[in-house]
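Report on one structure; see the data block that follows.
The values are calculated or read from the model by the stated rules, or taken from the named source; none is laboratory data. A quick note: this is a predicted structure, and the numbers were derived from the prediction, not measured. So basically every Cβ, Gly included, is an ideal-geometry build from the backbone, and we count neighbours across all protein chains shown.
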Amino acid sequence: MRRETLLNLVIALALLAVPLAAQALDEPFAITLATKVAILALAGVGLNIALGLGGMVSLGHAAFFGIGGYMMAVLATPVQAYEPLMTWPIELAGTKSMPLIWLGAVVAGAVGALAIGALSLRTSGVYFIMITLAFGQMLYYFAISWPAYGGEDGIAIYVRNGFPGLNTLDPLHFFALAYAVLLAALWLAHRLGGSPFGLALAGARQAPARVAALGIRPYRLKLAAFVLSGAVTALAGALYADLNRFVSPSMLSWHTSGEIMVLVILGGVGRLFGPVAGAALFILLEHFLGGISEYWQLFLGLILLGIVLFARGGLIGTLAGREVPHD
Amino acid sequence: MTDPVLEVRNLHLSFGALKATDDVSLTLCPGEIHALIGPNGAGKSTLIGLIAGNLAPDAGQVLLNGRDVTAQDVAARAQAGLARSFQVSAVAPGLSVLQNVALAVQGARGGSFRLFRRALSDRALTGAAMTQIDRVGLTARRTVPAGDLAHGERRRLELAMALAQAPRAFVLDEPMAGMGPDGAREMTTLLDELRHEAPILLVEHDMDAVFRLADRISVLVSGRIIASGTVAQIRANPEVQTAYLGEERLE
Amino acid sequence: MSAMLLIEQALNGLQYGVMLFLMAAGLTLVFGVMGLINLAHGSLYMVGAFACAGVAAVTGNFWLGLAASLAAAAAAGAIVELTVIRRLYARDHLDQVLATFALILVFSEGTRWLFGSFPLYLDIPAALAGPITLPGGIEYPLYRLVLIGIGLAVAAGLFWLIGATRLGVRIRAGEADREMIAALGVDISRLYTIVFALGAALAGLAGALVGALQSVQVGMGEPVLILAFVVIVIGGIGSIKGALVGAILVGLTDTLGRFLLPVAFGTFLPPSEATSIGAALASMLIYILMAGVLVIRPGGLFGRA
């Protein structure tokens, strides 16, 4: 077994072991932390499809994270208020069913990513970074000034949405759901990486002129990857909103974009389990540094600087060595 | 005479006051190697860019198999059967030799939007790729990342990728550049066989190779073709000698 | 009455625009010369505002505060360039984004540590307080008018600096070809530090000047940073002229949009709905403007592409 595969397995099992141990020790807060890791990792897996596979440095993924979160609120609040979701052109009721909410979040995230990606991918490099950042900020301001869903204050969803056969209010059940979705997304990312699509995307990232000369247009490939990426991150947003039972514009803020990117890079860009390792490290840092000092983000900043300047390749890169092409 | 596979008609391109391509016309016919030579800065790279579709001409046409492709982009021309290699190797450094060539096969056949299939368990894809890897002699290096290849190996990978496109015409930009004498000799043999698959427009500085391989030579100086003809005609052309070749290189 | 209100709003937009220009000019210079994307540029804006508020509070003199803001931001810029930024020039944009994001965390939390979480207030200097009557009888705050003047003067100074001085020649050479300036015997690393510190000083100046209109608080630089990015995308990377035109365009569009859209919606919607829809749409207007420029000219209005 390759060293990275072994490491991935260890990470996956460790993330599963923490909530089980916490349940045995009656520490429900640790289960919630593990759930948060799984959901943020899912957002990171989404970003990593754009960043790692496609080489697109998107600093606007909070847009999709937030779209997923708000989609949850849009679908669930009518039920909470005993109102229909809409009455025109057809009468449609809201829903408290997670599978339906997830579907809504994925579709909304994909549509959002299609619109933002189609415009942003007309450029590249530093323009792309600035434009994705700007469009993310646009949605942030829109959420703040649009009063229907709480505006600046956000909106609370009092009861967690349901999933057939599970008691989602039980932290362990909810963790299991988030973990299963994460594994499914990891499987998706893995298959994408090894597919003809992933190959073409890797080629377009590493040698764009060459790929065009082979008859492959990078634009549509990248756009497709960006849409998938946005959809996965939106799914994470819907789960995150359900974890907190609360949605606010801060999900759309560019700090969220930065944090999703930071955790991908902490773990290792383009590495399958990079976002999982990165999310775990991020939450651990937040938990322990946050316990030591109110200003823990100062130390986070210094640690990040150290990693960028001196330890490239992230956690997975440090532990498993350089990435090798797999046949 | 058979119809040319690739034809360039009265191409013009200026960058400001500089005429980079000045009324260039040339043809590439089935089975031939047509060499394009000229001093540095003569506009060879610009001409290749115009043919491949990276640059748009101010005037003139590019025809592939008799069809006007002047308005089409790089990818469309590649799909129409134009394979080019790059002067500075432009392979994907993080992908293996096999993956690079598989990518070229994929470009020619389509299917880059298959999302869930395993690319390298696709027999048809890897089989076609391995055939070309065998031909250029990189079989033992197929799993090595292209970025780790030696210079000469990378030139051969470039060629394998062009071959894998199953093209109607090759445009090869200095395939021997930076190769040692042995490598250049092997490459010459390889190109000699290749012409039967598709004709080659060969830009090359290695005059020995050009004189050995070319059926026809066109000489490009300051964006214009100043002479065109057989090897013997070009060797004997006094204008070419003063403009470019220099007395001693012909002896 | 309505026309006077419109002129007042247009002046507000212009004032907003020239302040955005001060931010965007530094960013675009740093990108044009060094090829670096600097997310921490907003932190330098914040440093300028805090330095001005701090010194003005102690000395009671706004102008001393303003001088301090220039010095503090330039010094912070130079220190950051020497310790962190210069290691990033050869790196890809991803590393630059991450490292400068880390710098934001360090600057923001460091400032919170030093000054606390409560906003500081910076008073407009007494000489500039109060309104002035413009030709046509429009009353307009003198301070805002002075900001417009300072912004335009700095713009003129920058054009002169780039167009007519030795430093400007070197900056332009650096934009064209990094190896060439090395060949000319210019000390590149010193040039880079100077350019970075200059950009930082402009950001700090903007922070201090705007700080007297709003409150001075941690995180104040980030919304401005993102607007400066929008300005650069509209104007074209590396172009000072593009930054000026883009900044004024963004300033006017945003200010007039917030003023006019609710009014426009009010003509066919009930007032409360018109206000909320108009405000929501106005908050998106500059991004829609940016999207429009991207569709028509992906390289920006004055970009090279």
Considering every residue within the stretch A:224-245, establish whether at least one is within 21 Å of the chain's Cα centre (by Cα), closer than 19 Å to A:Phe135 by Cβ, among the charged types (D, E, K, R) and crowded, with 24+ Cβ neighbours inside 10 Å.
no
How many residues are in a loop (DSSP other than H, G, I, E, B) and either in contact with a Ser or Thr (Cβ under 7 Å, 6 or more places away or on another chain) or away from every other protein chain (no Cβ under 12 Å) (or both) if we restrict to the stretch C:284-299?
1
Does any residue of the stretch B:52-75 turn out to be more than 30 Å from A:Phe197 (Cβ to Cβ), without any contact (Cβ under 8 Å) to a residue 40 or more places away in the chain and not small (Gly, Ala, Ser)?
yes
The stretch C:131-164, residues that are modelled with pLDDT of 85 or more and exposed (fewer than 13 other Cβ atoms within 10 Å of the Cβ):
C:Thr133, C:Glu139, C:Gly149, C:Ala153, C:Ala156, C:Gly157, C:Trp160
B:Pro181 farther than 13 Å from B:Gln87 by Cβ and modelled with pLDDT of 90 or more
no
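Are there strands (runs of 3 or more DSSP E) fully within the stretch B:156-251 with at least 1 residues that are within 24 Å of B:Gln79 (Cβ to Cβ), aliphatic (A, V, I, L, M) and in contact (Cβ under 8 Å) with a residue 12 or more places away in the chain? List them.
Qualifying strands (runs of 3 or more DSSP E): B:169-173, B:200-203.
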Conditions: (1) within 12 Å of chain A (Cβ to nearest Cβ); (2) touching a strand residue (DSSP E or B) at 6+ places or on another chain (Cβ under 9 Å); (3) among the small types (Gly, Ala, Ser); (4) buried (at least 20 other Cβ atoms within 10 Å of the Cβ). B:Ala169 meets all but one. Number of the miss?
(1)
For residues that are within 12 Å of another protein chain (Cβ to nearest Cβ), assigned to a helix (DSSP H, G or I) and surrounded by fewer than 14 Cβ atoms within 10 Å (Cβ to Cβ), scanning just the stretch A:275-327, find the one that is modelled with the highest pLDDT.
A:Gly306
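Residues that are closer than 20 Å to B:Gly147 by Cα and within 11 Å of another protein chain (Cβ to nearest Cβ): find the helices (runs of 4 or more DSSP H) completely inside the stretch B:43-123 holding 3 or more of those.
So the answer is B:97-109.
Yes/no matrix, rows are residues, columns are (1) in a helix (DSSP H, G or I); (2) of a type outside the set (A, V, I, L, M, F, W, C); (3) over 27 Å from C:Tyr140 (Cα atoms); (4) within 14 Å of the chain's Cα centre (by Cα):
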{"position": "C:Phe21", "(1), (2), (3), (4)": "yes, no, no, yes"}
{"position": "C:Leu27", "(1), (2), (3), (4)": "yes, no, yes, yes"}
{"position": "C:Gly42", "(1), (2), (3), (4)": "yes, yes, yes, yes"}
{"position": "C:Val55", "(1), (2), (3), (4)": "yes, no, yes, no"}
{"position": "C:Gly65", "(1), (2), (3), (4)": "yes, yes, no, no"}
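Go through the stretch B:133-158 and give me each residue that's within 13 Å of chain A (Cβ to nearest Cβ) and of a type outside the set (Asp, Glu).
Hits for the stretch B:133-158 are B:Ile133, B:Arg141, B:Arg142, B:Thr143, B:Val144, B:Pro145, B:Ala146, B:Gly147, B:Leu149, B:Arg154, B:Leu157.
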Condition first: aliphatic (A, V, I, L, M), farther than 17 Å from C:Glu222 by Cβ and touching a residue at least 12 places away in the same chain (Cβ under 8 Å). Now tell me which residues in the stretch A:132-167 satisfy that.
A:Ile155, A:Ala156, A:Ile157, A:Val159
Only one of (1) among the hydrophobic types (A, V, I, L, M, F, W, C); (2) assigned to a loop (DSSP other than H, G, I, E, B); (3) over 26 Å from C:His93 (Cβ atoms) does not apply to A:Ala178, and that is (2)
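How about the stretch C:261-277: which of its residues are free of Cβ contacts under 8 Å to residues at least 12 places away in the same chain and in a helix (DSSP H, G or I)?
Result: C:Pro271, C:Ser272, C:Glu273, C:Ser276.
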For the stretch A:115-159, which positions are part of a helix (DSSP H, G or I), out of contact with any Ser or Thr (no Cβ under 9 Å at 6 or more places or on another chain), among the small types (Gly, Ala, Ser) and more than 7 Å from chain C (Cβ to nearest Cβ)?
A:Ala115, A:Ala118
Members of the stretch B:172-208 that are surrounded by fewer than 22 Cβ atoms within 10 Å (Cβ to Cβ) and among the β-branched types (Val, Ile, Thr)
B:Thr188, B:Thr189
Out of C:Leu209, C:Leu281, C:Leu205, sole residue that is among the hydrophobic types (A, V, I, L, M, F, W, C), surrounded by fewer than 22 Cβ atoms within 10 Å (Cβ to Cβ) and either away from chain A (no Cβ under 12 Å) or more than 18 Å from the chain's Cα centre (by Cα) (or both):
C:Leu281
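For (1) in contact with a His (Cβ under 9 Å, 6 or more places away or on another chain); (2) within 14 Å of another protein chain (Cβ to nearest Cβ); (3) surrounded by fewer than 17 Cβ atoms within 10 Å (Cβ to Cβ), each residue gets a yes or a no:
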residue	(1), (2), (3)
C:Leu167	no, no, yes
C:Thr193	no, no, no
C:Pro223	no, yes, yes
C:Gly236	no, yes, no
C:Gly246	no, yes, no
C:Thr253	no, yes, no
C:Phe259	no, no, no
C:Thr275	no, yes, no
